[in-house]
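Throughout, read-outs are computed from the coordinates displayed, never taken from laboratory work. Computed from a predicted model, the values in this text were never measured in an experiment.
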Amino acid sequence: MIHYKTFFLILCISLLSGCNSLLFQPEKKHYIEPEQLNIASRDIYFNTRDGLTLHGWFLPAKKPARATILFLHGNAQNISTHIASVFWMPDAGFNVFLFDYRGYGYSEGTPELEGLLVDFDAAVEALQHIREVDTNKIFIFGQSLGAAISVTGLSTSPYQEKIRGLIIEGAFTGYRDISREVLSKFWLTWPFQWPLSYTITDCCRPLDAISLIKPVPILIIHSKDDQIIPVHHAIELHAAASPEKQLWLYEGYSHIQIFKNKENRVRLVKYLDEILTGKNRPIKEALINPTVRGEVLSLTKGRTMNTKSNKTSMLK
């Protein structure tokens with residue numbers, strides 16, 4: 001009996017300590033540099049209000065810049081792998097500033113949720129001092145964990161009214177929500193999904209914060225075939241968002257892989273240009289029910305926009 005008790009104790013301790021890894025899986029090693037992709041870049045080091053130094057890359061547009069994209073990546077590895085999501089943007093005429101949260105890549109510190117929100121504030125502030133950046137033409141683009149940080153961070157940012165738009169891909173409604181769903185997928189952790197999920201903070205929920213972002217246009221992008229974060233998270237976030245919102249749902253893509261497809265990149269650039277030129281119109285209501293793989297369907301009152309795209313390959 002004592003051996004079973006010891007095993008159970010060790011199991012619980014391991015699971016509890018592992019809960020933090022559900023949110024943060026940083027790596028310090030860089031796998032690729034922008035120059036290897038023939039992308040001009042420079043290193044940006046900036047400080048947080050709690051005294052840490054963070055590292056990022058600034059990728060200048062290859063043509064006169066339309067605007068600047070502040071990119072927040074997902075929970076694993078660092079900017080050297082997540083550059084795959086935005087490497088194409090300088091060619092499309094956008095400056096890109098991507099940075100590593102505390103504990104990731106060349107950034108100092110240890111990752112924890114409240115600290116990542118401090119990092120968000122520091123990155124937005126740093127953008128104000130980069131010479132190529134028109135501070136009246138900044139978009140924020142977050143994927144997965146970066147989407148959650150973007151929503152909560154922007155909801156309280158003093159720069160909120162200057163941000164031209166928020167784009168989130170593969171977002172989730174809350175940290176406890178998604179942790180519980182991840183734990184439920186494995187037989188070993190399934191019995192512990194509820195008690196262990198309560199070891200994850202329920203503060204800073206994107207679902208609670210997204211309604212505070214206004215009048216910033218919000219674009220929510222998700223794949224119905226996302227096996228990491230189910231599509232219901234995107235639908236719930238869209239329902240809670242302020243009126244200036246759009247929801248694009250795709251099929252045939254895995255988690256945060258939608259912009260591997262060049263047609264989807266073109267669609268995003270068109271959306272950003274419409275905001276910059278004042279042609280974008282808020283979508284009051286949306287009902288998204290694509291039936292064709294790769295289809296994106298946005299329904300508004302009295303108007304339907306239906307566009308198809310091909311399935312992308314997965315990022316290895």
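Pull out the extension gain between Tyr31 and Val266, defined as 0.36 nm times the separation in residues minus the alpha carbon to alpha carbon distance; nm, one decimal. Contour length minus Cα-Cα distance gives 81.9 nm. Averaging the Cα positions of each part gives two centres, and for the range 87-114 and the range 131-147 these lie 11 Å apart.
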